[in-house]
Every structure is written in structure tokens, then in C-alpha cells.
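See below for the structure under consideration.
The values are calculated or read from the model by the stated rules, or taken from the named source; none is laboratory data. The structure presented is a predicted model; accordingly, all values stated were derived computationally and were not measured. Cβ sites come from the backbone with ideal geometry, for glycine too, and all protein chains shown count toward neighbours.
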Amino acid sequence: MALVILVMATCIEIVGVEQPGSANAGEQITTIIHATMEPYYDQPQSRLIVGFLAPKSWNAASTLEISYTSNIGNGTMRPVSATAKPVSSAKTWPDAIMEKIGIGGNYIPDMEWIVFQSDKAYDQAEGSPGITATITLKVKTGMQNLQAKLGYFVGSSQQDLSDPKYYGAYFSDCFQVLNGTGDMVDFCNPPISTVLPTSVTDNDIVTISFDNDLVPTRLSDASEVFLYATAITTTSDTIKVEKSAEKTALTQIGGGKWRIDFWPRQFFDLKPGQVIDHILYNFADKTGSIHVYNQGDTGDDFIKTLICK
């Protein structure tokens, strides 16, 4: 009987979000979230839970500020404990939200949920009018040029995530960060190739993916795919690795999806003091006679600008 009552618990909904469509790199943005909760059983000492989805390159947890006003009280919010979990979940709040609603309409997984809870706990009684809350979220964008769909989550510390009516979720249209550093990273549209992490140095492990399932390419029937890459250093040195060999071979990870993981300093055999500014790359078959470039067969390489540390 207790389980049935829990499942019939609280209807939670995000009824509106006010968010800007763009901002300059490093600029603080403000988002207003309007949410409602209707309790159907007594929930003593329940805290409001708010989640925010952003690109990892923002390091949003370090600048995020959240406050709220409501018909039962006003206050601020603080990060949930690193070990805190939703009711009936074995996962922490960020992992549970990621498992339940993911990254929305974004195509690059280099994103994270940051989760806060209200500073005060409230008793919610069965049959009460419920809660109407206005949540103000302030955060600084990262320094990287990008466009992504930001995500928002509202829930209760006393409520499980077994059904969408027990939490509110919202994903914005494409939000742009402008006048920053590096190439424009597009989370919003399906890419034939991605580089992870999106913010990377030549001393990091880099993953380059190639997706033949999105659109047919000249390598759609290839049984092997290889990376042809050129590193341009900060002093304009050009280092080419353009050969179908073991170290340039991509691994097929299902269907027409491929990936390669490598350490740029080793891959390009950099000398001490050499630093990569950007990498140009394309994909080829075993013979090296068939290539796939950015935007199909234009002959223009994919490009990834690296950051310096």
C-alpha cells in the first residue's frame, strides 16, 4: 500500500522558462523558471530540487547561483551532496537525471547536470493548494564558441523519478556563446564528426568520431576507415600524419559509427616546446584514394582548434 501511495505522489511541472538566446563568452546569464508542485500525500521536510544542464567546458558548478520565491517561502539554493540520491534510486542526483532525461536535443555528449536543493525544507500536506515557485538561475557561460540546448529540471527530494509527472524538465532552443575562443562547436545539429572533449589541449587524450549513419558518404561501404590529420603548431610548423596504418585506424563501434582515441603529442611526434594550435583532418579508406571531408566532398578538412595551458 505504501508503494502505491508513493507512486501517486506529486505532480511537478515547469510551466515556463525565460532564457536569453545568446551571450558573449564569460558573460553571466539569467534564466527564470516558473514551476508548480501539487502534493497528493504528506511529505514532511521536502526540499526543492533544481538541475541545470550545460556544456562541461562551462564548469558551471563554479559560477551557478540559484534562488527562489514561492507561495510558501523564499530562499537560496546550494549544491546537493555528492552522495545524495533521489528516492528509490541507486544513482546520485546528476546521474539519475542524466539516465532519466539525458541531454535533450543535443548531439554531443560533453554535457553535465549540476543539481541544487533549497536551503529550507518544507512540509507538504495532502490536499494542500500546492507550491508555485519562481526560480532564478544565474551562471557564467564558458569561453568557447558554441551553440547548445540548455536543460532545466525541477523535482522534490521526497519524490522518485519513476514517472515524468513526478518531475519537470525543459530544454531550450539553441543557445549561442559568441565572441569567445576556438571554432564554433555545434551541439544542436547532428555532426558527421565530433572531437571530445570539446575543450582540449595537445596533452589530453582526444576522441575523434566519424558517423556514416547520419548521411551516406563515399566510405559507407568501407570495411576499414583511417584518420588523415595535419597538426599546425603555434609557430606555424606543419606536421602531417597521412597514411593508412595501425595508429591511424578507427575502430568500428556499431553500424556506420567509428572512433579513434589518441594522444596528440605522441600521434604527431611533437618535439619539446612544440604546441599544437589546431588540427585539420579527414577520413580515408585503406588505399588512401577515397576521402570524406567536412561537408561531404568539398575538399575542406574538418578543423579542431586546441586550447593552451
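Taking the condition of being at pLDDT 95 or above, more than 18 Å from Lys149 (Cβ to Cβ) and of a type outside the set (Asp, Glu), how many residues in the range 54-72 meet it?
Result for the range 54-72: 8.
Given the criterion assigned to a loop (DSSP other than H, G, I, E, B), modelled with pLDDT of 85 or more and of a type outside the set (Asp, Glu), identify the matching residue among Gly16, Gly26, Gly51. Walk me through it before giving the result.
Values: Gly16 fails: assigned to a loop (DSSP other than H, G, I, E, B); Gly51 fails: assigned to a loop (DSSP other than H, G, I, E, B).
On inspection, the qualifying residue turns out to be Gly26.
Tally time: how many residues in the range 21-73 are exposed (fewer than 15 other Cβ atoms within 10 Å of the Cβ), under 18 Å from Ser156 (Cβ atoms) and within 26 Å of the chain's Cα centre (by Cα)?
Total meeting the criteria: 0.
Taking into account only those residues within the range 55-104 that are in contact (Cβ under 8 Å) with a residue 60 or more places away in the chain and hydroxyl-bearing (Ser, Thr, Tyr), which is nearest to Gly182 (Cα to Cα)?
Taking the candidates together, the pick is Ser57.
Test Met77 against the stated conditions and say whether it is crowded, with 19+ Cβ neighbours inside 10 Å, closer than 18 Å to Thr36 by Cβ and of a type outside the set (Phe, Trp, Tyr). Break it down into steps so the answer makes sense when it comes.
Numbers: crowded, with 19+ Cβ neighbours inside 10 Å: yes; closer than 18 Å to Thr36 by Cβ: yes; of a type outside the set (Phe, Trp, Tyr): yes.
Answer is yes for this residue.
I'm trying to understand the selection: among the residues of the range 87-110, which are within 29 Å of Met184 (Cβ to Cβ), of a type in the set (A, V, I, L, M) and either modelled with pLDDT under 95 or not in a loop (DSSP other than H, G, I, E, B) (or both)?
Within the range 87-110, the subset within 29 Å of Met184 (Cβ to Cβ) is 94, 97-98, 101-110.
Cutting the leftovers down to of a type in the set (A, V, I, L, M) gives us 97-98, 101, 103, 108.
If the condition is that a residue be within 29 Å of Met184 (Cβ to Cβ), of a type in the set (A, V, I, L, M) and either modelled with pLDDT under 95 or not in a loop (DSSP other than H, G, I, E, B) (or both), then Ile97, Met98, Ile101, Ile108 are the ones that fit.
Can you find a residue in the range 269-290 that is free of Cβ contacts under 8 Å to residues at least 40 places away in the same chain, crowded, with 16+ Cβ neighbours inside 10 Å, outside the structural domain of Gln144 (by TED's automatic domain parsing) and not small (Gly, Ala, Ser)? Don't jump to the end; show me each part of the working.
First, the residues of the range 269-290 that are free of Cβ contacts under 8 Å to residues at least 40 places away in the same chain: 269, 271-273, 289.
From what's left, crowded, with 16+ Cβ neighbours inside 10 Å: none.
No.
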